[in-house]
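J.: Pasting a structure here, questions to come.
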Amino acid sequence: EPEEDGPTQKHRVTTKGSDVPQHIDSFEALRERYPVPQRLLANLADNSYKHPTGIQSYGIPILMESRDLAAISPTGTGKTLSYLLPIMSNLGSPASGSNSDAGVGVRAIVLAPTRELAHQIYNECLKLAVGRKWRVILFSKATASTLGDKNVRDKVDIIISTPLRLVASIQEGNLDLNNVRHLVLDEADRMLDSEFLSQVQEIVAACTHPTIQKAVFSATLPAGAEKLAMGMLRNPIRVVVGLKDT
Ligand code: ADP
Ligand code: MG
């Protein structure tokens, strides 16, 4: 469980990059600075998320301001919410909503190295999505096949997937990623190792929207993976959270 005492109590946070947005000390402070839908914040409260963790405190404003981010923070420090909250906030209305002005087709992709991790992210996403008509898809052979229908495809907001499954759908021509505005690599150390790298690169190449925001999250980022990550990101900010007593 993340710390209860506020983000700076137990964690040392360092940032690198230009014009790093001011971190937030509370979830309420978010709403003062950004148009975060009230429902999202209510869903946080309903899940007893009282204070942002270190990576949330720094990472959420960076992503809210449309910057690319490389975030390194230990396991269990709430990295998932750090990217899901900004994505769901920035996407505004679900694509199926009547007043959607964000175009159609999948607008956010989260990649994770295993199906189990993808499933955990999906569950976290569903908690945040309560009360809004988000279409979140945990990508599998079965859900991928439903995307053959354009009416289904156009109403998908967020896809959470392993790389291989997504690449298969791209190659089958069943998935148009031109409208993807947010791409996250979770467990980025693994996503950028030799097992997944070429698949990840294929997905990145398929996401052609000019203002796509990219972010990588990991507990560790070895030099080789970090170099690859920095090559993928545009003018990124790097945030490192370390335990103070280590
Ligand atoms: P990480 O990806 O860094 O390993 P997770 O995103 O899986 O961490 O979060 C770890 C746990 O902490 C999850 O059960 C999550 O629901 C919970 N959690 C995340 N952020 C908060 C918060 N601000 N307050 C309380 N619990 C949180
Ligand atoms: Mg995680």
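The values are calculated or read from the model by the stated rules, or taken from the named source; none is laboratory data. Everything quoted here is computed from the prediction, not taken from an experiment. As a convention, Cβ positions derive from the backbone with ideal geometry for all residues, glycine included, and neighbour counts pool all protein chains shown.
J.: What pairs come up if the first residue lies in the range 159-179 and is farther than 9 Å from Ile203 by Cβ, the second is among the β-branched types (Val, Ile, Thr), and their beta carbons are under 6 Å apart, counting only those six or more places apart or on different chains?
T.: Listed by first residue and then by second, the contacts come to Ile159/Val106; Ile159/Ile109; Ile159/Ile137; Ile160/Val110; Ile160/Ile121; Asn178/Thr208.
J.: To continue, here is another question. Being at pLDDT 95 or above and of a type outside the set (S, T, N, Q) is the filter here, so list the residues in the range 78-106 that pass it.
T.: Those that are at pLDDT 95 or above and of a type outside the set (S, T, N, Q): Gly78, Lys79, Leu81, Tyr83, Leu84, Leu85, Pro86, Ile87.
J.: If the Cβ limit is 7 Å and pairs must be 6+ apart or interchain, which residue in the range 50-67 that is touching a residue at least 60 places away in the same chain (Cβ under 8 Å) and within 15 Å of ligand 2 (Cβ to nearest atom) pairs with which residue that is among the small types (Gly, Ala, Ser) and not in a loop (DSSP other than H, G, I, E, B)?
T.: From residues that are touching a residue at least 60 places away in the same chain (Cβ under 8 Å) and within 15 Å of ligand 2 (Cβ to nearest atom), the pairs are Ile55/Ala71; Ile55/Ser82; Gly59/Ala71; Gly59/Ser82.
J.: Of the numbered conditions (1) surrounded by fewer than 22 Cβ atoms within 10 Å (Cβ to Cβ); (2) of a type in the set (Gly, Ala, Ser); (3) closer than 30 Å to Gly92 by Cβ; (4) within 16 Å of the chain's Cα centre (by Cα), Gly173 satisfies every one except a single condition; which is it?
T.: Exception for Gly173: condition (4).
J.: Could you tell me which residue of the range 180-194 is surrounded by the fewest Cβ atoms within 10 Å (Cβ to Cβ), considering only residues that are away from ligand 1 (no atom under 16 Å from the Cβ) and in contact (Cβ under 8 Å) with a residue 24 or more places away in the chain?
T.: So the residue we want is Asp193.
J.: Just for the range 199-229: of the residues that are in contact with a Leu (Cβ under 6 Å, 6 or more places away or on another chain) and assigned to a strand (DSSP E or B), which one is farthest from ligand 2 (Cβ to nearest atom)?
T.: Among residues in the range 199-229 that are in contact with a Leu (Cβ under 6 Å, 6 or more places away or on another chain) and assigned to a strand (DSSP E or B), the one farthest from ligand 2 (Cβ to nearest atom) is Lys214.
J.: Just one of (1) within 14 Å of ligand 1 (Cβ to nearest atom); (2) within 14 Å of Glu124 (Cα to Cα); (3) buried (at least 21 other Cβ atoms within 10 Å of the Cβ) trips up Ser48, so point out which.
T.: Here Ser48 meets the rest and fails (3).
J.: A further question on this structure: Please determine, by comparing only the residues of the range 112-149 that are over 15 Å from the mean Cα position of the chain (by Cα), of a type in the set (Lys, Arg) and over 15 Å from Glu187 (Cα atoms), which one is modelled with the highest pLDDT.
T.: Arg135
J.: Turning to a different aspect of this structure: Among the residues of the range 180-229, count how many are among the basic types (Lys, Arg), in contact with a strand residue (DSSP E or B) (Cβ under 9 Å, 6 or more places away or on another chain) and within 24 Å of Pro74 (Cβ to Cβ).
T.: Total meeting the criteria: 2.
J.: Right, next: If you check Ile60, Ile109, which single one turns out to be within 16 Å of ligand 1 (Cβ to nearest atom) and modelled with pLDDT of 95 or more?
T.: Ile60
J.: Taking the range 24-45, which residues are over 23 Å from Arg181 (Cα atoms), away from ligand 1 (no atom under 13 Å from the Cβ) and within 20 Å of the chain's Cα centre (by Cα)?
T.: Correct list: Ala42 only.
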